[in-house]
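Undergrad: Got a structure for you, questions after.
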Amino acid sequence: MFTCRLLYNILRHWYKYKGPEQYVVPSFVSCTEHNIWSFGTCATTTRAIYGESDGNHTFPETDLKRRLTPLQYHITQEKGTESPFSGEYTELYDAGTYLCVVCKKKLFSSDKKYQSGCGWPAFSDVIDAENIKQNVDTSHGMIRTEVTCAGCGSHLGHVFDDGPKPTGLRYCVNSAALDFEPLNNLEL
C-alpha cells in the first residue's frame, strides 16, 4: 500500500471535469477513504468522484448472474470486451431499437447504425444523450472514453471521434451489452 490519497487527489484534479456525474479517476487508482486525513486502500476499479458511480446500483449481483449470460455479465459488470466480429448484432441492420441488456433503457436506433469495420456494432449517435454516460478509461495503456448506461451503470463500450458526419462520433458497443427490439415489435 502506498499513500494513494495524495495520488488520488492529484489525478482527480488532472482529469477533465465533464459534469457532476462524469468526473472520474483512472482505473489504476481508486481509494477507499476512512476519514479525510487517513489513506485508504487502493483497488483496481474506476471510482466516480461526484454523482453516480460506475457500478451496478440497481440490480443485485445474484439477480444479474441469473439473468445474464457469463459473457453479458463479464462485459457489463466487469468492463470486458467481446472478440471483434463475434457479436450477435455486429452485422444486424434490421430496423429497431437497441436497449441496455441489464435495465432495458433505450440507447441506440438502427437508423444511426453503420458499417465501421471495427468489429463491433457502431452507431453515430444515441437516442437520448441522457441515457448514456461517458467516463475516462485509462485501461490497457490507452486513454479512451468509456460509454456506460445511465440507467444502471453497465459498461457498453467506447466512443471515438472518427465517425461519420454530422456527429463525427463512433459509438463502438459490445453486442453482449445490448438487446434488440425490432421495429415491428415497437409498433404493436
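Undergrad: When the C-alpha atoms of region 116-183 are aligned to their principal axes, what extent does each axis show, in angstrom, from largest down?
TA: Over region 116-183, Cα extents along the principal axes are 40, 29, 23 Å.
Undergrad: For a test of understanding, tell me how many lysine pairs in region 55-187 have Cα atoms under 26 Å apart, given they are 8 or more places apart or on different chains.
TA: The result is 24.
Undergrad: A further question follows. Can you list, largest first and rounded to whole Å, the semi-axes you get for region 71-123 by taking the square root of 5 times each eigenvalue of its Cα gyration tensor?
TA: Semi-axes (√(5λ), whole Å): 18, 16, 8.
Undergrad: Another question, then. Dividing the Cα convex hull volume of region 55-187 by residue count, how many Å³ per residue is that?
TA: Cα convex hull per residue, to the nearest whole number: 111 Å³.
Undergrad: Once the piece of chain linking Lys104 and Glu78 is laid out straight, how much longer is it, given 0.36 nm per residue of separation minus the C-alpha distance between them?
TA: Contour length minus the Cα-Cα distance gives 7.5 nm.
Here, each number is a calculation from the coordinates, and none is a lab measurement. Owing to the predicted nature of the structure, the values given are computational and were not obtained by experimental measurement.
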